[in-house]
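The values are calculated or read from the model by the stated rules, or taken from the named source; none is laboratory data. This one's a predicted model, so the numbers in the text were calculated from it and none came from an experiment. Counting neighbours? That spans all protein chains shown, and the Cβs are built from the backbone with ideal geometry, glycine included. Accessible surface is based on the protein model in full, side chains and every heavy atom, while ligands, DNA and RNA are left aside. Shrake-Rupley method; radii C 1.70, N 1.55, O 1.52, S 1.80 Å.
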Amino acid sequence: GGILVHCISGWDRTPTFIMWIRLLAWAEGKAHASLSVEEMLYLTLAYDWVLFRHRLSDRMAKREEIFYFAFFFISCLYDPRFSFIYCEGEREGSNVGQKNQKLYSLRKLFMKLWDAALRNSDFVYKD
């Protein structure tokens with residue numbers, strides 16, 4: 001099986017939705033299960049955002065916070081309704097706590113790196 005995501009004029013929405021789907025699948029062990037928090041953060045930054053030429057430099061120059069928002073919103077994904085397991089009816093024995101811990105750890109790591117980058121006066125993102 002697979003997933004097709006299509007967003008017309010969605011150069012912000014497309015990587016955001018793909019990232020959320022990928023992170024949910026990872027946190028629930030449905031995809032990339034062997035990756036650590038650090039490896040998963042690297043994968044989603046490199047693959048979902050940079051490789052697909054999202055215009056981060058343009059957004060950051062305009063002080064638009066789509067990148068920050070995408071990771072800040074991860075805390076909303078803790079809800080059991082946002083779940084592949086919930087949708088598949090595997091509620092019994094599913095470990096929602098483990099999913100939430102993985103998402104929390106990834107979000108926390110991103111926020112730490114984001115804050116450090118913003119404090120660094122030499123930080124300039126270039127596509």
Worksheet entry | segment 41-71, residues that are free of Cβ contacts under 8 Å to residues at least 60 places away in the same chain and under 9 Å from the mean Cα position of the chain (by Cα) | THR44, LEU45, ASP48, ALA70, PHE71
Worksheet entry | Odd one out for PHE82 among (1) open to solvent by 70 Å² or more (accessible area, probe 1.4 Å); (2) within 14 Å of the chain's Cα centre (by Cα); (3) at pLDDT 85 or above | (3)
Worksheet item: Considering segment 112-127 alone, what residues qualify as being surrounded by 10 or more Cβ atoms within 10 Å (Cβ to Cβ) and at pLDDT below 90?
Response: LEU113, TRP114, ASP115, ALA116, ALA117, LEU118, PHE123, VAL124, TYR125
Discussion item. For segment 20-29, check the following and say yes or no: at least one residue is closer than 22 Å to ASP115 by Cβ and either within 14 Å of the chain's Cα centre (by Cα) or modelled with pLDDT under 85 (or both).
Written reply: yes
